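Data first, discussion second: the structure below is written as structure tokens.
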Amino acid sequence: MLSALLSRRTPDGGLIREIDGLRFFAILFVLLAHAGGIVSKRWYEQFGAVEPRLDVEALHAVMFQGKFGVFIFFAISGFILALPWLSAARDGRPAPAVRPFYRRRLTRLEPLYVFCLVTYFVLLTSLGRLSLIDDFDNLFFSLLYMHNAVYGVGSTIYLAAWSLEVEFQFYLLAPFLFAALTQMAIPRRRLALAAAIIFSCAVSDVTNSWFDSVLSYLHFFLIGALFADIFIENPDWLRRHQRAFEIAAIALLLLALTQLSWDHGRPWSMFGYVACIGAMIGAALSGGVATALLRVPALIIIGGMCYSLYLTHARVFTGLEQFAIDWTLLSGVYVADMIIVSSLMIAPALIVGALIFIAIEKPTMDPRWPSRLRAWASRLTRRPVR
């Protein structure tokens with residue numbers, strides 16, 4: 001019963017479970033980084049700088065990978081959005097229409113996004129953190145997914161929304177990009193995708209010097225699209241190379257966690273991240289051990305509600321930091337404090353995210369919800385008064 005309540009629905013029933021499992025690890029990296037950042041800051045305030053020991057470095061390598069988690073989300077978006085165009089091209093069907101695509105993006109994503117940002121704005125103004133008059137422009141441009149472009153920084157209402165603005169820009173681009181790619185023969189299409197990925201990584205030191213936009217992260221969306229093409233056209237090839245993908249995913253993941261940096265101006269790191277995420281997607285789809293791991297029901301459920309978790313976790317963490325946790329109880333053992341307190345912070349974030357998922361996000365996964373809402377409102381207004 002609880003599993004069904006927390007499981008997401010797709011309009012066509014075409015849920016790729018291992019991709020939702022991959023979403024779990026993406027949101028886990030984000031949750032660990034944001035919770036760990038708070039605990040680390042509070043620990044430093046009480047005990048000073050932590051000694052750079054091996055166990056500390058290993059902990060940091062795993063916990064402070066929030067942006068890597070976002071990179072995985074970008075690649076998954078490229079993968080998922082490319083599928084309808086690629087499958088239509090394979091089957092000889094007409095390409096998806098642009099207007100329904102945009103309508104579906106809006107009806108699927110906007111309700112929760114608008115609810116969270118407006119709620120946070122009201123909450124922050126009531127607490128005196130923001131000004132109703134002076135900061136209303138921040139709300140306005142955040143709702144239009146333009147805060148990054150206008151102010152050069154993430155939203156002051158919800159900083160983590162910076163990546164959702166990047167995603168929104170890709171949604172605007174996607175129908176035209178995929179329509180053009182599916183006009184090409186398969187070899188040319190893959191060559192074009194590979195060339196675009198290489199070029200986007202190579203110029204990332206330039207694009208990352210601008211505000212956060214789809215141009216700064218296009219390579220991640222495109223690696224997802226490239227593996228969507230392989231998944232649609234050559235699924236047997238993925239299965240035949242299962243072991244190679246799994247070994248590459250493990251090796252490149254260790255490289256990403258320990259050696260790569262997502263700081264601006266690091267093109268070679270971008271190449272490394274792209275290769276790592278490509279190997280992870282390939283391993284996820286290859287039908288081996290990685291696929292089985294990513295199909296664990298708990299991972300699929302949490303990964304499936306990652307949008308709700310992403311839009312709520314930071315505010316939950318802030319509330320816990322300021323009102324619920326007695327930071328004087330930290331033990332002074334850095335690694336233990338980081339693991340225990342971060343875990344205690346993530347648990348209520350999962351609960352809040354699950355409640356928001358059930359109340360708002362899951363109902364809007366049904367593409368018919370706007371018409372059903374209109375029908376319900378119409379019946380309500382026509383109900384006779386007794």
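Any read-out appearing in this document is the output of simple, stated calculations on the displayed coordinates, not a laboratory observation. Computed from a prediction, not measured in an experiment: that's the story for all the values here. Positions of Cβ are generated from backbone atoms using ideal geometry, with glycine treated the same way; all protein chains shown enter the neighbour counts.
Based on the Cα gyration tensor of the chain, what are the three equivalent ellipsoid semi-axes, each the root of five times an eigenvalue, rounded to whole Å and given largest first? Walk me through the numbers on the way to the answer.
Details: eigenvalues 205, 179, 90 Å².
That gives 32, 30, 21 Å for the three semi-axes.
Across the options TRP43, ALA180, SER331, the greatest Cα extent toward the positive end of the charge dipole of the chain (unit charges at beta carbon of Lys, Arg, Asp, Glu) belongs to ALA180.
For segment 87-102, the Karplus equation 6.51 cos²θ - 1.76 cosθ + 1.60, evaluated at θ = phi - 60°, returns couplings of 5, 5, 5, 5, 8, x, 8, x, 5, x, 6, 6, 4, x, 4, 5 Hz by residue, with Gly and Pro reported as x. 3J(HN,Hα) along segment 339-346, derived from phi through the Karplus expression 6.51 cos²θ - 1.76 cosθ + 1.60 where θ = phi - 60°, amounts to 5, 5, 5, 4, 4, 5, 6, 5 Hz, with x in place of Gly and Pro.
Looking at the square roots a ≥ b ≥ c of the eigenvalues of the Cα gyration tensor of segment 293-350, which shape do they give, rounded for a/c under 1.5, prolate if a/b is larger than b/c, or oblate?
It comes out oblate by the Cα gyration axes.
Using the Cβ-Cβ distance between TYR102 and ILE133 with R0 = 41 Å, the FRET efficiency computed as 1/(1 + (r/R0)^6) comes to roughly 0.80. About its Cα centre, the dipole of the chain is roughly 1940 debye, where the only charges are +1 on Lys and Arg Cβ and -1 on Asp and Glu Cβ.
For segment 14-87, just say rounded, prolate or oblate: build the C-alpha gyration tensor, square-root its eigenvalues into a ≥ b ≥ c, call rounded for a/c under 1.5, and beyond that prolate if a/b exceeds b/c, oblate if not. It is prolate, given that a/c is not under 1.5 and a/b is the larger ratio.
This model, with +1 at the C-beta of Lys and Arg and -1 at the C-beta of Asp and Glu, gives segment 277-380 a dipole about its Cα centre of some 720 debye. Let me make sure I get this right: for segment 168-283, a, b and c are the square roots of the gyration tensor eigenvalues over alpha carbons, sorted descending. Under 1.5 in a/c it's rounded, otherwise prolate if a/b > b/c, else oblate. Which is it? Verdict is oblate for segment 168-283.
Here r is the Cβ-Cβ distance between LEU191 and LEU380 and R0 is 45 Å; the resulting FRET efficiency, rounded to 0.05, is 0.20.
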